[in-house]
Protein chains: 2
Amino acid sequence: MEVGLVEMSVFLRICAILFLVLTASLLGSDAQTKLVFYLERKATFRDLDALIILVYVESGAACYYLLQVCKSPFSAWFEGNLKWPSPICLAWVCFLLDQAYITFAANSAALESSLFAVTGEKEFQWMKLCNRFTRFCIQIGGALLCGYVASFLMAVISFLSAFNLFRNYSPKRFLSLKEK
Amino acid sequence: MEVGLVEMSVFLRICAILFLVLTASLLGSDAQTKLVFYLERKATFRDLDALIILVYVESGAACYYLLQVCKSPFSAWFEGNLKWPSPICLAWVCFLLDQAYITFAANSAALESSLFAVTGEKEFQWMKLCNRFTRFCIQIGGALLCGYVASFLMAVISFLSAFNLFRNYSPKRFLSLKEK
């Protein structure tokens, strides 16, 4: 693996970590209290299951990326010295773990449930919330935007690790390694 | 491109088309009418925006896959005779279009909004629906399951097209094609 690809991938991973942490902390710190019909009501991200799941998913992804970034200075050593797992095994593991599907799905689920809070659902008598908890909703919107930026970066990273894995294979025969 | 990869990818695409069509038709045909407080109420997939979007996304994906399956008998001809777009351009286009992120996200958003229909959200006074519209909800559950199977197949197809693209590149230098 030459320097260009490693450096690009580390840079992208650090950007992704920043956006993941930003998303999780924007969501985690989001709370607003309002008087509704003489009752004090507090809206937090814990009211919507999708937002709780999103916080956990983004935090987990950030930890995994941090591990990957910490690993990368030693990757040349891994490739030279390691007998098992072989570099191609490691590339397969990275490729499978780097898939951004879970964060993308968690983001979309959170977006969907937040949209209910914005628009309500008249047919089902689900009332809208964002006319009351405006600041709360805007902060969630910002968090989701950061989450999508992070997902996009993660998709690019998954392309890079697919590139890093599959270019070791022969263009002629299926799933056979090429001679160096 | 040898025969094994083309055949596997066509087989997977046909399976994915079947599951996509099954999802869309299960959702599209889902409707239940019930008497609620002496008023007749009808629940259809059109009540939830996420389900409408899912029907469109799955139908679009099925059409795209059908085009790809129709194209594949001619792919040998494309690779031999076409000057522009070159086979590597075509492989890039397939790789980018084959990404399963959109169906996966649409599925998760639909799952999230359906979960509200199952559990309700007491804090926000969103009432649950599935105790009344049981058959309707079970059919949606089946549709979402088929949708996830389709998404999984699409993810495998996207791995195959990544393999088909990136194995043409050199394992030594970044983004340079290897000599045949």
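Observations on the structure shown:
- Condition met for B:Leu5 (modelled with pLDDT under 85, in contact with a helix residue (DSSP H, G or I) (Cβ under 7 Å, 6 or more places away or on another chain) and closer than 30 Å to A:Arg173 by Cα): yes
- Flag if A:Leu165 is open to solvent by 80 Å² or more (accessible area, probe 1.4 Å) and modelled with pLDDT of 85 or more: no
- Inter-residue pairs, beta-carbon under 9 Å, first more than 10 Å from chain A (Cβ to nearest Cβ) and under 18 Å from B:Ala62 (Cα atoms) and in segment B:3-15, second buried (at least 17 other Cβ atoms within 10 Å of the Cβ) and among the aromatic types (Phe, Trp, Tyr), 6+ apart: B:Arg13/B:Tyr65; B:Ile14/B:Tyr65
- Cβ-Cβ distances below 9 Å connect the following pairs, each with a first residue in segment B:37-49 that is over 28 Å from A:Leu111 (Cβ atoms), a second residue that is among the β-branched types (Val, Ile, Thr), and a separation of six or more residues or different chains: B:Glu40/B:Thr33.
- Filtering segment B:135-147 for residues that are outside any helix (DSSP H, G or I) and over 23 Å from A:Ser114 (Cα atoms) leaves an empty set.
- Matching residues, segment A:7-30, being open to solvent by less than 70 Å² (accessible area, probe 1.4 Å) and either in contact with a Gly (Cβ under 7 Å, 6 or more places away or on another chain) or among the polar types (S, T, N, Q) (or both): A:Ser9, A:Thr23, A:Ser25, A:Leu26
- Leading residue by the ranking (most open to solvent (accessible area, probe 1.4 Å)) among those in segment B:31-54 that are modelled with pLDDT under 85 and touching a Phe, Trp or Tyr at 6+ places or on another chain (Cβ under 6 Å): B:Gln32
The values are calculated or read from the model by the stated rules, or taken from the named source; none is laboratory data. For clarity, every value in this text was computed on a predicted model and none was experimentally measured. Here the Cβ is made from the backbone with ideal geometry for all residues, glycine too, and neighbour counts use every protein chain on show. For accessibility, only protein heavy atoms count, side chains too; no ligands or nucleic acids. Shrake-Rupley method; radii C 1.70, N 1.55, O 1.52, S 1.80 Å.
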